[in-house]
Amino acid sequence: MTVLDSRPSGSSSVKNSTEMLVDPTGVSMSPVDDLGEGRGPAWLDDWLKAHASDVVAWRRHIHVNPELSRAEYNTTELVAKLLREVGLKPRVLPGGTGLICDIGNGPRCVALRADMDALPLQENTGQPFASTVDGVSHACGHDAHTTVLLGTALALASATELPGRVRLVFQPAEEVMPGGALDVLAAGGLDGVERIFGLHCDPRLQVGRIGTRIGAITSASDLLELRLNSPGGHTSRPHLTADLVHALGTVITGLPTMLSRRVDPRSGTVLVWGAVHAGEAPNAVPQDGLLRGTLRTGDRDIWAELEPLVKDLVTGLLAPTGVGFDLHHRRGVPPVVNERESTQILRAGIEAALGDDALAGTEQSSGGEDFGWYLEHVPGSFARLGVWNGQEKQRDLHQPTFDLDERALLVGVRVMVHTALAALA
């Protein structure tokens, strides 16, 4: 087996995995502790003992060379190459990024999913293997997700026999709405699949712990864009025009308030504005204004009702102002709702991989995650992978300083392998 050199030159040259691996500083890499060592099965222990440093090197190579949504060509090529080297037959998605690959035989099939794309965000971790792509970084941990699934795949490929088929879903474009999960579904990525499982980095959980939850674990997330228009005029004569800035303020404060009175408060529905633009001159009523924000809910049924409700509320709020508007409600992703039996299987996999102490509860997040699209088609469960080292300051996702404890990579491999085995038992 070969691995890509993790130096930040962008080279795709390969070297034999028996050679000493180096990080981008040229310093020999220390072995990464395997927190589940000795828990079996024997072939998994053997594979991780032989290839723990390879797993870290893959993650660092991907981290150094991040790629944005639907541009994950080199990452896809790397994954496909390593899968082919162990005799597997990956199928790249029609868009050219992301791939699907089956391991094992038999009629029963479970899927494991990882996302591959990076964020348009400048990294500021100070790591020697920090991103070399200006303004792009893996600040959400998708480099770790891809690496965990890649390690899972190669470990499973080392087993003499599997109790069924495991489908590997390396998904592009999770960070854009409505998400690359729809690309996978359109390509038949879940055809014949019984269940699907996934992990996501969580910097609030210490490495070695996995957060699970039955029911909703993320929220639906939509984008709102509201464009207002007015004849404009002089601020000394607001009665002769339609006061666009006042109308903006009415919607900014009024729409979240009205939603809180029209939607069940137990649903976790929340509207937050992130951008507002109007005018330049202090004595001129502007003709155009713009509002952008996100609308989130933890309830699948309420999510289906929000678009017409928001339009009706905006119409009512702006009618007295005389200001015209154009509302673009961009539906995003549904909430991830973990099915009970699948979550019990996942918990059994975690216990087998790491022991009872690894299990942790987790709260529902108001963040969006397109894994929810898969759960519209098959049952499954999504869990949070602890990546905090327990000592340094916790650094949140989608921040320039986000980093992770690389021991979590081996933890993730063990959990995914054992979950697949438990699902096929």
Next item on the list: Do me a favour and compute the ellipsoid semi-axes for the range 221-377 from its Cα gyration tensor, root of five times each eigenvalue, largest one first, whole Å.
Entry: 44, 14, 12
Check: Based on the Cβ-Cβ distance of Glu37 and Arg266, what FRET efficiency does E = 1/(1 + (r/R0)^6) give at R0 = 41 Å, to the nearest 0.05?
Finding: 0.40
Item checked: Part-to-part distance (alpha-carbon centres) for the range 144-209 and the range 305-378, which is given in Å -> 19 Å
Item checked: Spacing of the two label points (7 Å from each Cα toward its C-beta) at Thr160 and Val276, in nm -> 6.8 nm
Check: Each label point is 7 Å from the Cα along the Cα-to-Cβ direction; what then is the distance between the points at Leu182 and Arg292, in nm?
Finding: 1.9 nm
Note to self: Number of Lys pairs in the chain with C-alpha atoms less than 27 angstrom apart, excluding same-chain neighbours closer than eight positions?
What the structure shows: 6
Notebook entry, point to check: So, how do all the Cα-to-Cα distances of the chain break down into 20 Å bins, in percent, from 0 on up?
Noted result: 25, 50, 20, 4, 0
Note to self: For Arg300, Arg237, give me the order by solvent-accessible area with a 1.4 Å probe, most accessible first, ignoring ligands, DNA and RNA.
What the structure shows: Arg237, Arg300
Checklist line | Förster radius 41 Å - calculated FRET efficiency between His246 and Asp356 (Cβ-Cβ, nearest 0.05) | finding: 0.10
Notebook entry, point to check: Which whole-number value in Å² is the accessible area per residue of the chain, probe 1.4 Å?
Noted result: 42 Å²
Checklist line | Spin-label model distance (nm) - Asp301 vs Ala50, 7 Å beyond Cα toward Cβ | finding: 5.4 nm
Next item on the list: Could you give the size of the charge dipole of the chain about its Cα centre, using +1 on the Cβ of each K and R and -1 on the Cβ of each D and E, expressed in debye and rounded to the nearest 20?
Entry: 440 debye
Notebook entry, point to check: Quick one: Karplus J couplings for the range 220-226, per residue in order, coefficients 6.51, -1.76, 1.60, θ = phi - 60°, nearest Hz, x for Gly and Pro?
Noted result: 5, 9, 10, 10, 10, 10, 10
Next item on the list: Just need the Rg to Rh number for the range 264-330, please, alpha carbons only, Kirkwood Rh.
Entry: 1.05
Notebook entry, point to check: If you build a Gaussian network model of the chain, linking Cα atoms that sit under 10 Å apart, which residue out of Val56, Val32, Val411 swings the most?
Noted result: Val32
Check: Ranked from the most accessible area to the least, with a 1.4 Å probe and all protein chains present, what is the order of His142, His61, His246?
Finding: His246, His61, His142
Check: ³J(HN,Hα) across the range 64-75 via Karplus (A = 6.51, B = -1.76, C = 1.60, θ = phi - 60°), whole Hz, x for Gly/Pro?
Finding: 5, 10, x, 9, 6, 4, 6, 10, 7, 5, 5, 5
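The values are calculated or read from the model by the stated rules, or taken from the named source; none is laboratory data. Keep in mind that this is a model prediction, so the values were computed, not measured. Glycine gets a Cβ as well: all are built from the backbone with ideal geometry, and neighbour counts include every protein chain shown. Just so you know, the surface numbers come from the protein's heavy atoms only, side chains and all, with ligands and any DNA or RNA stripped out. Shrake-Rupley method; radii C 1.70, N 1.55, O 1.52, S 1.80 Å.
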